[in-house]
Amino acid sequence: MIGLIHNELLKITGRWRSYIGFIGIAILMPLILWGFSYGGGEIHDEYAQELGDNFIVVGSIFNAFLATYIVMNAFWIHMPFLVALAAGDAVAAEGAAGTFRIILTRSTSRLKILFAKLFATWIYTAVLILFLAFMSLGIGTLWLGSGDLIVFDKGILILDQSEAWIRMALSFGLAILVMCVVATLCFMFSTMVNNGIGPIVGAIFLIVIGYIIMAIPIDMFEKMEPYIFVTYFDVWQQAFKDPIPWDRIIKSLSILVLYTAGFIGVSIAVFLQRDIKS
Amino acid sequence: MILETKNLSKSFGPRKAVDNLSLKIPEGSVFGFLGPNGSGKSTTIRMMTDLICPDDGEVLINGLSVQNNHHQALVGVGAFIERADFYKHLSAKTNLEMLARMDGKGFDNIPIVLERVGLFERANDKVKHYSQGMRQRLGIAQALLAKPELLILDEPTNGLDPQGMKEIRDLVRELNSEGITIFISSHLLDEVQKICSHVAIIHLGKFIISGKMEDLLTESELFTTELRVHPIEKAKTILESQDWIHNCEERTGSLFVNVLQEKIPEITTLLTQHECKIKAIIPKTSLEDFYLSKTGKNNG
């Protein structure tokens, strides 16, 4: 299996589309950090005003942690696009290139090949999120410095530096799991077609529909919310609550795991039955 | 039998691509699989290699069902299906390494198969820089990678120049002499006649005939005969007027006629009566004639 995953990673790294996410983050993050550094004074003043007379702010509250927190909130809607770029090609690209004819005629089972592709897609997804963490936290620390993290969420939460690192790690860990759900959804569509664009559009379409249902405050949609997987995509934000709501995190993850299992089940059913005619 | 199809059927929508097809491929043979375009050859081969799932019937390799025991049945099989498509951004060597990893084998055999198909010197070039012929040869190389005892080749000479075709032909002979059974589909009947010991013909998804090449051609009812005769135009007019002559063509100064074997003496009598001088009568039955007679494409 390791050999098969190795093969799949070689294929992913060989496709230019796989680098779009990395290039985007590599260009955007320094720009954003530069913007924070240049115009950070305004944000700093706003934060200081919010803190009002209750706190004496020592040093800069505007540091890598806060920048990363703001970036994550801003980037969150867009990350699925970047993840889908590679996941959409995972199976469909083989059909388009005709390479199924050389890999599926070997003695390796289709199921093993499918899982190798899925694991490689998850690895890619994790690496992409970790790259975002490196660019925001790593480069951010060098550029803006570190310090305490101040989070405004139904009140003020101040996390000291050592706690902020732990919360960031938890948050990025949860973000990886959420993005793996997106990747699996896109992967499922990828098993059905011979074109990498279709799965990307299909997955993003479903996610956007989910966001729309969540955003419109009407009764019917509110009743649907608990059954929509997109509802649980913000689980990473739970890492910045105090105390950490583990029960909510576990519930969200359980539902996301169920959805993922469903996507995998459909992928298996489709791929094992699929006739390779091209 | 190393390879057997039992009552294999497959439909795509209302169209029956393969209809109750049973074939037996003896071990050690070079088995030619013939049929016109759309006759179901590719679908059959894809069912043999588990790319397409049959609606009915099964494929057995060494007695193991491909459909039920994919891993065990295909472990000694090398396949080259239709076109040689690879990961073009990777080198030939890396492509083969990936496939060797899939086979759970080491890389020891890679230089050997590359040498065998004449690509050893270009092993590190990316496949996108390969010509069509080189890709075809790489396709054969990947089929040989797992040291197969059965090689399934679907149109392996597509896109090759005459020299390339001869190389593949020689390679097929060489591999067969090493004990590898070869199942080959081709529309180049001359190629098939040159290398195959056995042949099967299908038409519109249905089995037509199968057997040893030698036996089929000997037992053929419809013979092509070359006549060297003078004056050729007069002889042609006379022969064309006979309803028992199925076809009469003039090529390279000779007449080629399709006629039942027992009618050949009548040609001599007829032409002599009309004062034509017969220089030679040469039986020329080819696989092509036989094939055309069986698939109903003979216009005679």
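The values are calculated or read from the model by the stated rules, or taken from the named source; none is laboratory data. Just so it is clear, the structure is predicted and the values come from calculations on it, not from any experiment. A quick note on method: Cβ atoms are made from the backbone with ideal geometry, for glycine too, and the neighbour counts reach across all protein chains shown. Quick note on the areas: whole protein, heavy atoms, side chains included, nothing else; ligands and nucleic acids left out. Shrake-Rupley method; radii C 1.70, N 1.55, O 1.52, S 1.80 Å.
Key figures
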item: Per-residue ³J(HN,Hα) for segment A:64-73, Karplus 6.51 cos²θ - 1.76 cosθ + 1.60, θ = phi - 60°, Hz, x for Gly and Pro; result: 4, 5, 5, 4, 5, 4, 5, 4, 4, 5
item: Most fluctuating residue given options B:P162, B:P26, B:P111, as computed from a GNM of chain B linking Cα atoms under 10 Å; result: B:P162
item: A:W16, A:W143, A:W246, ranked by accessible area, largest first (probe 1.4 Å); result: A:W16, A:W246, A:W143
item: Estimated distance in nm for a label pair at B:S197 and A:W16, the labels positioned 7 Å out from Cα along Cα-to-Cβ; result: 5.1
item: Note, ³J(HN,Hα) from phi for segment A:130-138, Karplus 6.51, -1.76, 1.60, rounded to Hz, x at Gly and Pro; result: 5, 5, 4, 5, 5, 5, 7, 7, x
item: Å² per residue, accessible surface of chain B at 1.4 Å; result: 45
item: Under 19 Å from the Cα of A:K117 - lysines, other chains or at least 8 residues apart; result: A:K11, B:K88
item: Using θ = phi - 60° and Karplus 6.51 cos²θ - 1.76 cosθ + 1.60, couplings along segment A:231-243 (whole Hz; Gly, Pro as x); result: 3, 9, 5, 8, 4, 4, 5, 5, 5, 9, 9, 9, x
item: Accessible-area order (highest first, 1.4 angstrom probe) of the listed residues B:D125, B:D161; result: B:D161, B:D125
item: Separation in nanometres of the label points that stand 7 Å from Cα toward Cβ, at A:K112 and B:E27; result: 2.5
item: Sequence of A:Y19, A:Y227 when ordered by accessible area, the most exposed leading, probe 1.4 angstrom; result: A:Y227, A:Y19
item: Cleavage-rule hits, GluC sites (Glu not before Pro), segment B:229-283, DSSP coil, Cβ neighbours within 10 Å at most 11; result: B:E275
item: Cα pair distances of chain A binned at 5 Å [whole percent]; result: 1, 5, 11, 15, 16, 14, 12, 10, 7, 4, 2, 1, 1, 0, 0
item: Sites B:E115 and B:I281, calculated FRET efficiency, Cβ-Cβ separation with R0 51 Å, nearest 0.05; result: 0.60
item: Complex-versus-alone comparison for segment A:105-146, residues with a loss of 30 Å² or more in accessible area, probe 1.4 Å; result: A:T105, A:R106, A:S107, A:T108, A:R110
item: Long-range amide H partners of B:D56 with built H, under 5 Å; result: B:S9
item: Sequence-distant aspartates and glutamates (8 or more away, or on other chains) whose Cα lies within less than 17 Å of A:K241; result: A:D148, A:D153, A:D160, A:E163
item: 30 Å Cα-Cα reach of B:K234 towards lysines, excluding residues that sit fewer than 8 places from it in its own chain; result: B:K263, B:K277, B:K279, B:K284, B:K297
item: Inter-chain Cβ neighbour average for residues B:141-153, partner chain, 10 Å; result: 1
item: Area accessible to solvent at A:W165, 1.4 Å probe radius, in Å²; result: 110
item: Nonlocal amide H pairs with A:S109, under 5 Å, H built at 1.01 Å; result: none
item: Accessible surface, segment A:2-272, averaged per residue in Å² (probe 1.4 Å); result: 44
item: Cα-based equivalent ellipsoid, the protein assembly as shown: semi-axes from gyration tensor eigenvalues, Å; result: 69, 23, 20
item: Accessible area of the protein assembly as shown belonging to carbon and sulfur atoms, whole % at 1.4 Å probe; result: 58
item: Cα centre as origin, Lys/Arg/Asp/Glu Cβ charges: segment A:99-180 dipole, Debye; result: 900
item: Contact order normalised by residue count of segment A:2-272, Cα under 8 Å, 6+ apart, percent; result: 25
item: Of all DSSP beta bridges in the protein assembly as shown, antiparallel share, percent nearest 5; result: 70
item: Of A:K277/B:K41; B:K10/B:K206; A:K112/B:K105; A:K112/B:K93; A:K277/B:K128; B:K93/B:K147, those spanning more than 19 Å from alpha-carbon to alpha-carbon; result: A:K112/B:K93; A:K277/B:K128
item: Relative contact order of chain B, pairs being alpha-carbon contacts under 8 Å that are 6 or more residues apart, as %; result: 19
item: Rounded to the nearest 10 Å², the accessible area of A:K117 at probe 1.4 Å; result: 0
item: Cα gyration tensor category, rounded, prolate or oblate, for segment B:98-167 with a/c compared to 1.5; result: oblate
item: Delta accessible area of at least 50 Å² on complex formation, residues of segment B:60-87, 1.4 Å probe, chain isolated as reference; result: B:H70, B:D85, B:Y87
item: Candidates per chymotrypsin sites (Phe, Trp or Tyr not before Pro) in segment A:58-133, loop by DSSP, up to 16 other Cβ within 10 Å; result: A:W76
item: Centroid-to-centroid separation of segment A:178-220 and segment B:141-196 [C-alpha atoms, Å]; result: 46
item: Per-residue SASA entry for B:H129, accessible area with 1.4 Å probe, Å² rounded to 10; result: 120
